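For reference, the structure is listed below as structure tokens.
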Amino acid sequence: MKKALMGLAAAAMLMPAVAMAERDGATVYNTKCLACHISGVAGAPKTGDAAAWAERMKPGMEAVLASAKKGKGAMPPMGTCMDCTDGELTAAIQYILDNSK
């Protein structure tokens with residue numbers, strides 16, 4: 001029994017981040033995106049700036065996601081969320097959009 005529990009614990013530690021529950025948009029935004037997007041640091045479009053976000057969204061969510069993954073201007077690839085999944089990045093972008101109307 002003890003060996004089985006130790007094996008399960010070891011397997012859980014080796015589990016990739018993708019297998020774990022995804023963070024929601026608010027969580028990702030508040031822990032990874034807020035620092036730049038709340039103040040507009042280095043030209044980051046501010047959360048709440050409907051016009052700036054409408055312009056960025058013209059090519060669609062997939063293009064904005066690709067830009068976030070690649071990096072844009074002073075924003076490094078993946079922003080500051082190197083462990084984010086595509087779903088988490090998309091949720092963070094949607095969170096910003098929902099708060100920029």
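Residues that are at pLDDT 95 or above and polar (S, T, N, Q): find the helices (runs of 4 or more DSSP H) completely inside the stretch 1-42 holding 1 or more of those.
Filter on the stretch 1-42 gives 25-28.
I need the full set of residues from the stretch 17-54 which are among the aromatic types (Phe, Trp, Tyr) and farther than 18 Å from residue 77 by Cα, in order please.
53 - this is the single residue of the stretch 17-54 that is among the aromatic types (Phe, Trp, Tyr) and farther than 18 Å from residue 77 by Cα.
Can you give me the number of residues within the stretch 71-101 that are part of a helix (DSSP H, G or I) and touching a Pro at 6+ places or on another chain (Cβ under 6 Å)?
Going through the stretch 71-101 one residue at a time, the tally reaches 0.
The values are calculated or read from the model by the stated rules, or taken from the named source; none is laboratory data. Worth saying up front: this structure is predicted, and the values here are computed from it rather than measured. Using ideal geometry, Cβ is built from the backbone for each residue, glycine included, and neighbour counts are taken over all protein chains shown.
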